[in-house]
Amino acid sequence: MFQGEKVILRPVRREDLPLLNQFNNDVEVELAGGGDPPMPQPLPMLEAEYEQSWSKGGRDSANFVIEADGKCIGGCALFQFEATAQVCELGITIGDKEYWGQGYGRDAVRTLVHYGFQYRNLHKVFLRVHARNQRAIRAYRAVGFVEEGRLRAQVWSNGAYDDLIVMGMLREEWAAQR
Ligand SMILES: CC(C)(COP(=O)(O)OP(=O)(O)OC[C@H]1O[C@@H](n2cnc3c(N)ncnc32)[C@H](O)[C@@H]1OP(=O)(O)O)[C@@H](O)C(=O)NCCC(=O)NCCS
């Protein structure tokens, strides 16, 4: 659907769910991404969530599978659209660890941000990331996100507190790159 340099962002298909569920149950992936503590996620639970969001319809969030070399390597999304401010949040997980650290993440984020500004007329995209997640922070910086704030010792992850960093990118910053 949307072509980056290395990845394609396309809609989630029913047949992607077992692999996405495998990623969600990979503790290393879950801990790398921060977020909620690792929790077992049965496949029917993920299927039910998808059924629910499909049947609800609407355009509250834009969920994509990240495809590379013809296979699903993870997912990314824009969500929590704030209609008045034209601001939304970005999230990404590359679940296939073979693809970490090779520029796939930044390509997916760049493609997703382009979608947000070009097609959804956003004013700003922001994201939250744990301070320990330097791989993610470097990828976000490479796309043009800047640190906007830091909540000290805000999250408990893998046995220790960590700071939560908010990063953002404004429309004019995206436009200046083009
Ligand atoms: C975060 C994520 C999307 C980044 O995608 P990626 O393809 O791995 O990242 P990129 O290759 O584009 O960039 C990674 C950067 O971190 C660096 N890096 C790689 N491994 C690293 C490590 N273990 N520690 C610190 N930096 C690292 C790379 O050198 C690169 O930086 P540079 O270009 O300045 O040299 C992906 O790793 C991922 O999904 N991880 C698990 C889930 C997660 O962390 N999600 C984000 C939650 S906010």
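Distance from the Cα centre of the stretch 45-107 to that of the stretch 117-168, in angstrom?
16 Å
Assign one of three labels to the stretch 60-136, namely rounded, prolate or oblate, based on the Cα gyration tensor with a ≥ b ≥ c the square roots of its eigenvalues; rounded applies when a/c is under 1.5, prolate when it is not and a/b is larger than b/c, and oblate otherwise.
Because a/c hits 1.5 or more and a/b exceeds b/c, the stretch 60-136 counts as prolate.
Relative to the present Cα-Cα distance, how much length would full extension add between Leu151 and Thr84 at 0.36 nm per residue of separation?
Gain on stretching Leu151 to Thr84: 21.6 nm.
For the chain, with the dipole built from +1 on Lys and Arg beta-carbon atoms and -1 on Asp and Glu ones, taken about the Cα centre, which of Phe23, Gly74, Pro44 lies farthest toward the positive end?
About the Cα centre, the residue reaching furthest to the positive side is Gly74.
Could you work out the helix-only [θ] at 222 nm for the chain, with each DSSP H run of four or more residues adding -39,500 (n - 2.57) and the total divided by the number of residues, to the nearest 500 deg cm²/dmol?
Computed ellipticity for the chain at 222 nm equals -9000 deg cm²/dmol.
Quick one: grab the alpha carbon gyration tensor of the stretch 1-106, order the square roots of its eigenvalues as a ≥ b ≥ c, and give me rounded if a/c is under 1.5, else prolate or oblate depending on whether a/b is larger than b/c.
rounded
Using the Cα centre of the chain as the reference point, and only Cβ charges (+1 on K/R, -1 on D/E), how large is the resulting charge dipole? Debye, rounded to the nearest 20.
Taking the Cα centre of the chain as origin, the dipole is about 560 debye.
What shape does the stretch 2-176 take by its C-alpha gyration tensor, where a ≥ b ≥ c are the square roots of the eigenvalues and a/c under 1.5 counts as rounded, a/b above b/c as prolate, and the rest as oblate?
Verdict is rounded for the stretch 2-176.
Among Lys6, Lys71, Lys56, rank each residue by its count of other Cβ atoms within 10 Å, from fewest to most, as a rough exposure measure.
The most exposed by this proxy come first: Lys56, Lys71, Lys6.
Just so you know, all these numbers are worked out from the coordinates, no wet-lab data involved. Model, not experiment: these values are computed from the prediction. Here the Cβ is made from the backbone with ideal geometry for all residues, glycine too, and neighbour counts use every protein chain on show.
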